[in-house]
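The values are calculated or read from the model by the stated rules, or taken from the named source; none is laboratory data. The shown structure was predicted, so the numbers you read here are calculated from the model rather than taken from an experiment. Here the Cβ positions follow ideal geometry from the backbone for every residue, glycine too, while neighbour counts run over all protein chains shown.
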Amino acid sequence: MNIKEIAKLAGVSVATVSRVINTPSAVSDKTRERVQKIMEEQNYKPNVFARGLNAKSTNTVGILCPEMNDINHAKVISILERLLRSHGFDCLLYCTGSYLPYSKKNLELLAAKQVAAILAVGSACDSENDKAAFRAVAQQIPVIVLNGLVSAPGVYNIFCDEERAVRDLTAELIRSGCRSLYFIEDNSTFSAHQKRTGFLKAIRAAGIERQCGFIKVPLDTHELMHAKKQVESLISKGVPIDAILSADDILAVGALQALNAAGMRIPVVGFNDSDYAICCTPYLSSINNRTDFICKIAVDTLNSLLNGEEALDRVSISAKLVERETYVRGASSSQTTGI
């Protein structure tokens, strides 16, 4: 049962039920008794989050993220801030300053500011430590994870099915004749793990795992140049490369520069469909993980919870490939990266 159903059964408005729950003295004795009787009969327990929203003195939502200098995180925060403001919320941003798993301290620092809810951008790989940290705070206020996954009570997850996106694209490249594929990665978050898993599943299914490989770029480095140098090293050693996929556009741009310098024309596909994809020559094809849609679902979920309504604890959306010059479906390798 939710507050709307209780209101319907009692023959009153949702606002009246809300007043019975939060400010009983504002409702006549007869109406209050009728609503309370319906709630008892239906074993309805008021949503603690909705009650907290009405009782608290702040209308602020906390946003937790690793790094502000990450173009993808900056985009998420910008979209969230705009959406939340349109719903009457203020924002309180807390950056951890690293890509390490969010700690209990990170979450508690925001919760202590009496925020109505916490929106966490990304997550680690769903470890027990993460679950414990999130579980403790989620008992007090809603916690919504964007493009991450934390399987804990009271935590709501909205993410893109990035594993499937990478798996399907890799399989498509293999069908087109590619046999020596490389994947560039830079961290170990839930999102990064999903992309790696998708690549692995595709090359294993095709039986070409030994012919393919990973290029690891350390965090806190000049990632573009590091990716470029690693691809240059493979080229100088004569390692066959039929296609390159990347966990992030900036890494793919580095690879593209190395390939351009060597005069190589092979498929190159980045991830996130950021501005980097159109700040290079040729324009970079990229998988769009639909950040704007994820943010919208997260804010809609937040509003549902604070209004005493139910919400799905896990929502997965599909990605889409944005085809540009470095890869076009059905084109041969020599047509995909014109220099």
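Tell me yes or no: at least one residue of the stretch 284-297 is among the hydrophobic types (A, V, I, L, M, F, W, C), at pLDDT 95 or above, under 15 Å from Val155 (Cβ atoms) and touching a helix residue (DSSP H, G or I) at 6+ places or on another chain (Cβ under 9 Å).
no
Return the total of residues in the stretch 229-274 being in a helix (DSSP H, G or I), surrounded by fewer than 21 Cβ atoms within 10 Å (Cβ to Cβ) and not small (Gly, Ala, Ser).
Number of matching residues: 7.
Given the condition touching a residue at least 60 places away in the same chain (Cβ under 8 Å), buried (at least 23 other Cβ atoms within 10 Å of the Cβ) and in contact with a Gly (Cβ under 8 Å, 6 or more places away or on another chain), answer yes or no: does some residue in the stretch 315-332 qualify?
Within the stretch 315-332, none of the residues are touching a residue at least 60 places away in the same chain (Cβ under 8 Å), buried (at least 23 other Cβ atoms within 10 Å of the Cβ) and in contact with a Gly (Cβ under 8 Å, 6 or more places away or on another chain).
For the condition modelled with pLDDT of 95 or more, under 30 Å from Thr326 (Cα atoms), of a type outside the set (Gly, Ala, Ser) and touching a helix residue (DSSP H, G or I) at 6+ places or on another chain (Cβ under 7 Å), what is the one hit in Glu162, Glu172?
None of the others qualify; the one that does is Glu162.
So which strands (runs of 3 or more DSSP E) stay within the stretch 279-333 end to end and still have 2 or more residues that are hydrophobic (A, V, I, L, M, F, W, C)?
It comes to 314-317, 320-322.
Listed here are the residues, each with its yes/no results for (1) within 29 Å of Pro142 (Cβ to Cβ); (2) not assigned by TED's automatic domain parsing to the domain that holds Ala7; (3) not small (Gly, Ala, Ser).
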| position | (1), (2), (3) |
| --- | --- |
| Leu245 | no, yes, yes |
| Ala255 | no, yes, no |
| Asn260 | no, yes, yes |
| Gly263 | no, yes, no |
| Asn272 | yes, yes, yes |
| Ile278 | no, yes, yes |
| Ser304 | yes, yes, no |
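Just to verify a result, which residue in the stretch 90-100, among those that are of a type outside the set (S, T, N, Q) and at pLDDT 80 or above, is farthest from Phe134 (Cα to Cα)?
Asp90
Any residue at all in the stretch 78-85 that's within 22 Å of Tyr276 (Cα to Cα), among the β-branched types (Val, Ile, Thr) and within 14 Å of the chain's Cα centre (by Cα)?
Checking the stretch 78-85: at least one residue is within 22 Å of Tyr276 (Cα to Cα), among the β-branched types (Val, Ile, Thr) and within 14 Å of the chain's Cα centre (by Cα).
Would you mind stating whether Asp273 is on the phi > 0 side of the Ramachandran plot and either within 28 Å of the chain's Cα centre (by Cα) or acidic (Asp, Glu) (or both)?
In short, yes.
Considering only residues of the stretch 101-120 that are buried (at least 22 other Cβ atoms within 10 Å of the Cβ) and either at pLDDT 85 or above or closer than 16 Å to Thr60 by Cβ (or both), which is nearest to the chain's Cα centre (by Cα)?
Per the criteria, the residue is Ala120.
Could you please give the count of residues in the stretch 196-254 that are in contact (Cβ under 8 Å) with a residue 60 or more places away in the chain, over 15 Å from Val269 (Cβ atoms) and touching a helix residue (DSSP H, G or I) at 6+ places or on another chain (Cβ under 8 Å)?
1
Check every one of the strands (runs of 3 or more DSSP E) wholly within the stretch 137-188 and list those with 1 or more residues that are assigned by TED's automatic domain parsing to the domain that holds Cys65 and in contact with a Cys (Cβ under 8 Å, 6 or more places away or on another chain).
Output list reads 143-146.
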